[in-house]
1. Out of the stretch 364-384, which residues are surrounded by 24 or more Cβ atoms within 10 Å (Cβ to Cβ) and either free of Cβ contacts under 8 Å to residues at least 40 places away in the same chain or of a type in the set (Gly, Ala, Ser) (or both)?
2. Mind counting the residues in the stretch 32-68 that are closer than 24 Å to Pro104 by Cβ and among the aliphatic types (A, V, I, L, M)?
3. Could you say whether any residue in the stretch 250-266 is out of contact with any helix residue (DSSP H, G or I) (no Cβ under 7 Å at 6 or more places or on another chain), among the basic types (Lys, Arg) and more than 18 Å from Thr59 (Cα to Cα)?
4. Does at least one position in the stretch 261-276 carry a residue that is acidic (Asp, Glu), modelled with pLDDT of 90 or more and within 27 Å of Phe467 (Cα to Cα)?
5. Just checking, does the stretch 12-27 include any residue being closer than 22 Å to Phe359 by Cα, within 27 Å of the chain's Cα centre (by Cα), outside any loop (DSSP other than H, G, I, E, B) and of a type outside the set (Gly, Ala, Ser)?
6. Out of Gly165, Gly179, report the one residue that is at pLDDT below 85 and surrounded by fewer than 19 Cβ atoms within 10 Å (Cβ to Cβ).
7. Only helices (runs of 4 or more DSSP H) wholly contained in the stretch 377-464 count here; list those with 3 or more residues that are modelled with pLDDT of 95 or more, more than 19 Å from the chain's Cα centre (by Cα) and more than 20 Å from Ser256 (Cα to Cα).
8. From the list Met124, Met189, which residue is at pLDDT 85 or above, of a type outside the set (Ser, Thr, Tyr) and surrounded by fewer than 21 Cβ atoms within 10 Å (Cβ to Cβ)?
Amino acid sequence: MHTTQTELADGRVELRDRSRIESSPLYNRDLAPVPIAERNWTTYNFAALWISMAHCIPTYMLASGLIASGMNWWQALLTVGLGNTIVLVPILLNSHPGTKYGIPFPVFARAAYGTIGSNVPALMRALVACGWFGIQAWIGGEALNTFFVTVIPGWATLLGRGFGGHTTTEWVSFLLFWGLNVFIIYRGMDLLRRVENWAAPFVLVMTTVLLVWAIRSANGFGPLLAESGKFSSVGEFSKVFVPSLTAMIGFWATLSLNMPDFTRFGRSQRQQVVGQVVALPTTMFVFAAMGVLITSATAIIYGELIWDPIKLIGHFRNPFVIAMSMFTAVVATLAVNIAANVVSPANDFANAFPRAISFKTGGLITGILGIVIQPWRLLADPSGYIYGWLLRYSGGLGAIAGVLIADYWLVRRRELQIEDLYLPGGSYRYTSGWHMPGVIATVAGCAAAWGGLVVAPLRPLYDYAWFVGFGVALGVYLLLAGRARR
């Protein structure tokens with residue numbers, strides 16, 4: 001064990017003397033290793049985190065989008081359940097170093113990529129988070145707009161026809177909700193944490209009410225479960241199942257990388273593992289099942305599949321029902337957006353310029369890029385959301401996961417030198433701050449996963465983007481890094 005760090009009986013490691021790293025250009029307080037005394041997250045905290053993040057509108061749209069793509073109820077639930085079980089494996093593997101060493105994701109990545117090279121995976125992860133921030137902000141804006149349409153006469157056309165297929169008031173609602181997110185980043189993080197404690201169960205209760213309405217309006221479960229989907233053979237189903245499964249993994253592929261941002265506060269490995277295993281697959285499955293059943297009901301009730309819950313609620317006429325529903329959507333979206341889509345990119349941008357970018361500045365950068373990515377296009381239809389956005393980025397994040405897991409579990413055998421992770425001249429400097437095996441393996445994984453987009457014979461690989469990126473990157477890294485350490 002390195003002389004500047006101490007390992008406790010439970011396997012957690014603490015840096016004894018921080019004097020050297022506190023003056024380092026690679027250090028700031030947001031990226032610092034968490035002292036043992038401050039690692040106080042329990043099983044409940046990790047379970048509550050996942051319940052809060054899973055009870056959100058994108059989770060609902062994830063499952064309902066599969067119904068809109070032609071699956072029946074059991075095919076959609078099988079896809080969601082299997083995808084979340086698979087992604088739980090890299091989530092747990094990458095959670096371990098956070099709890100053991102108290103370090104966030106971008107600092108953990110320095111071991112595999114180098115002190116400067118770590119910006120490659122960190123910024124790739126951050127850009128995906130910016131996209132998710134924009135998606136959540138657009139959904140929240142839709143909720144506000146639906147509410148305003150209900151309470152303000154003529155709101156839809158109040159400011160003109162607008163542009164890009166959306167009215168001016170829709171754009172105003174989006175910017176209002178976006179501004180509310182940025183305001184909370186700067187002023188109200190403590191308030192948001194308190195809201196999150198009751199937001200998830202409140203969202204679950206309101207979704208249950210919507211489910212009861214859907215079942216009653218569709219005359220019971222019978223008509224819903226009788227929906228057969230549009231696939232007449234296993235072959236036809238498999239053509240949609242494979243990319244859909246990969247997209248399901250892509251949904252949480254982001255958190256499979258940056259869970260150290262949260263597990264660094266864990267009291268023990270056992271508590272973070274149990275909390276995540278209990279909460280993630282079960283919560284996703286239950287909430288997705290609600291989305292599947294409600295979406296199936298819309299085909300019976302309205303004669304069309306409505307996969308967006310905000311648009312579904314827009315069919316209601318009772319102002320109180322709409323107000324409560326939109327309040328639920330706004331609260332849930334705010335809570336999830338800050339927790340899942342600001343914490344990570346703020347740390348990732350800070351990793352690139354530790355002395356210049358704080359958490360607040362990183363959050364503002366995230367918000368601006370969330371607009372640039374144009375989330376309204378990603379949510380225009382289920383195929384764009386699932387087979388474009390989720391499937392596409394899963395290949396790149398899968399490649400990063402392959403490198404991190406290979407380096408930490410297979411090459412280093414879970415042994416890191418905390419102090420050197422923060423020193424420009426430490427053992428993770430490699431070649432001018434770059435560890436080329438990590439970079440090369442990531443490029444190889446991305447090329448294999450995305451090659452089908454430009455090379456027609458490789459198109460089938462794209463449907464397995466996360467698996468291909470993960471497998472190729474892991475293999476290439478073991479070949480290059482393993483040889484270098486011999």
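The values are calculated or read from the model by the stated rules, or taken from the named source; none is laboratory data. Computed from a predicted model, the values in this text were never measured in an experiment. Cβ: placed from backbone, ideal geometry, glycine included. Neighbour counts: every protein chain shown.
1. Of everything in the stretch 364-384, just one residue is surrounded by 24 or more Cβ atoms within 10 Å (Cβ to Cβ) and either free of Cβ contacts under 8 Å to residues at least 40 places away in the same chain or of a type in the set (Gly, Ala, Ser) (or both), namely Gly370.
2. Looking only at that region, the number is 10.
3. There is no residue in the stretch 250-266 that is out of contact with any helix residue (DSSP H, G or I) (no Cβ under 7 Å at 6 or more places or on another chain), among the basic types (Lys, Arg) and more than 18 Å from Thr59 (Cα to Cα).
4. Scanning the stretch 261-276 turns up at least one residue that is acidic (Asp, Glu), modelled with pLDDT of 90 or more and within 27 Å of Phe467 (Cα to Cα).
5. No, the stretch 12-27 contains no residue that is closer than 22 Å to Phe359 by Cα, within 27 Å of the chain's Cα centre (by Cα), outside any loop (DSSP other than H, G, I, E, B) and of a type outside the set (Gly, Ala, Ser).
6. Gly165
7. Helices (runs of 4 or more DSSP H) meeting the threshold: 418-421, 436-450.
8. Met124
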